[in-house]
Amino acid sequence: MSAVSSSARGSGEQRLFDAFIEVFTRDRVLKIQYDTPYVKGLPITLSVREADADVAGSYQERLVRPTYADAYTAEFEALAQAIVEGKELKSGPQDAIQDVDIWEMMLAHLN
């Protein structure tokens, strides 16, 4: 497994922003595209590129967008439901520990 993280922004008259994390595994490539967090309403998308297991020599790519809401709005609504309705938070302390573990694995692989 290898991972790439990239961000870019336009220069001159072109106001562009491009940021993504791309993970390469043995049989697929996952690309998480997250546009600027400073423009409300831009959803995060997941691109999955892989060979089709059912058809030899074939290739497929699919774009996954579970919601049209931006990440900030989705997280804020989940927090509000947890506070008002007593719902369980989607991400807890154990998730934060796993995030750190994943980053440590990626950084170790890059060294």
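Pull out all pairs, ordered by first then second residue, where Cβ-Cβ is under 8 Å, the residues are six or more apart or on different chains, the first lies in segment 21-32 and is closer than 13 Å to A51 by Cβ, and the second is among the hydrophobic types (A, V, I, L, M, F, W, C).
Short answer, once both residue conditions are applied: T25/M1; R26/M1; D27/A51; R28/V48; R28/A51; V29/V23; V29/V48.
Out of curiosity, is D18 acidic (D, E), modelled with pLDDT of 70 or more and either touching a Cys at 6+ places or on another chain (Cβ under 7 Å) or in a loop (DSSP other than H, G, I, E, B) (or both)? Let's see the steps before the verdict.
On the way: acidic (D, E): yes; modelled with pLDDT of 70 or more: yes; either touching a Cys at 6+ places or on another chain (Cβ under 7 Å) or in a loop (DSSP other than H, G, I, E, B) (or both): no.
Taking the combined requirement at face value, the residue does not satisfy it.
Would you pick out the residues in segment 24-50 that are surrounded by 13 or more Cβ atoms within 10 Å (Cβ to Cβ) and assigned to a loop (DSSP other than H, G, I, E, B)?
Within segment 24-50, Y34, D35, T36, P37, L42, P43, I44 qualify.
Taking into account only those residues within segment 47-82 that are of a type in the set (V, I, T) and touching a residue at least 12 places away in the same chain (Cβ under 8 Å), which is farthest from F24 (Cα to Cα)?
In this case the residue turns out to be T73.
Can E75 be described as in a helix (DSSP H, G or I), charged (D, E, K, R) and surrounded by 14 or more Cβ atoms within 10 Å (Cβ to Cβ)? Spell out the reasoning first.
Numbers: in a helix (DSSP H, G or I): yes; charged (D, E, K, R): yes; surrounded by 14 or more Cβ atoms within 10 Å (Cβ to Cβ): yes.
In short, yes.
Can you spot a residue in segment 53-62 that is of a type outside the set (A, V, I, L, M), under 20 Å from K90 (Cα atoms), part of a loop (DSSP other than H, G, I, E, B) and out of contact with any His (no Cβ under 6 Å at 6 or more places or on another chain)?
no
Select from segment 51-72 the residues that are among the hydrophobic types (A, V, I, L, M, F, W, C), surrounded by 10 or more Cβ atoms within 10 Å (Cβ to Cβ) and at pLDDT below 90 and write down the one among them that is farthest from E22 (Cα to Cα).
So in segment 51-72, the residues among the hydrophobic types (A, V, I, L, M, F, W, C) come out as 51, 53, 55-56, 63-64, 69, 71.
Adding the requirement that they be surrounded by 10 or more Cβ atoms within 10 Å (Cβ to Cβ) leaves 51, 63-64, 69, 71.
Filter once more, keeping what is at pLDDT below 90: 51, 69, 71.
On the way: A51: 17, A69: 22, A71: 18 Å.
Only one residue tops the list, namely A69.
The values are calculated or read from the model by the stated rules, or taken from the named source; none is laboratory data. Because the structure is a prediction, the values reported are computed rather than measured. Ideal geometry is used to build each Cβ from the backbone, glycine not excepted, and the neighbour counts take in all protein chains shown.
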